[in-house]
């Protein structure tokens, strides 16, 4: 089992790291992956407070990269928490004014369990 929590947005060669995870895991080994996406990392507050590599990925891009590295994911093993602190407006419009979150919002976080094939 490999637990990877909030690491990939700091890594430049993410494909190489995934390849190494795939190499060290036994067949049917688990990759527990929790990561911030481009929408969050490129937000004004994170850019103001922290430095990260310029190239960041969306949730769908992380899924595609993990799949292409030889890991299998299932829909029931993926979640997209849309936490108040991960949004550009800190969810003020939703919490204070009752404005509903758009169904087509871009995800700010992705959590998943992937299985090494």
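Tabulated data for the structure shown
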item	result
Conditions (1) exposed (fewer than 11 other Cβ atoms within 10 Å of the Cβ); (2) modelled with pLDDT of 95 or more; (3) not in a strand (DSSP E or B); number of the one not met by residue 22	(1)
Matching option when the condition is in contact with a strand residue (DSSP E or B) (Cβ under 9 Å, 6 or more places away or on another chain) and surrounded by fewer than 11 Cβ atoms within 10 Å (Cβ to Cβ), among 117, 35, 54, 28	28
Evaluation of residue 45 against (1) at pLDDT 95 or above; (2) assigned to a helix (DSSP H, G or I) (one fails), failing number	(1)
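The values are calculated or read from the model by the stated rules, or taken from the named source; none is laboratory data. If you're wondering where the values come from, they're calculated on a predicted model, not measured in any experiment. Quick reminder, even Gly has a Cβ in these numbers, built from the backbone with ideal geometry, and neighbours come from all protein chains shown.
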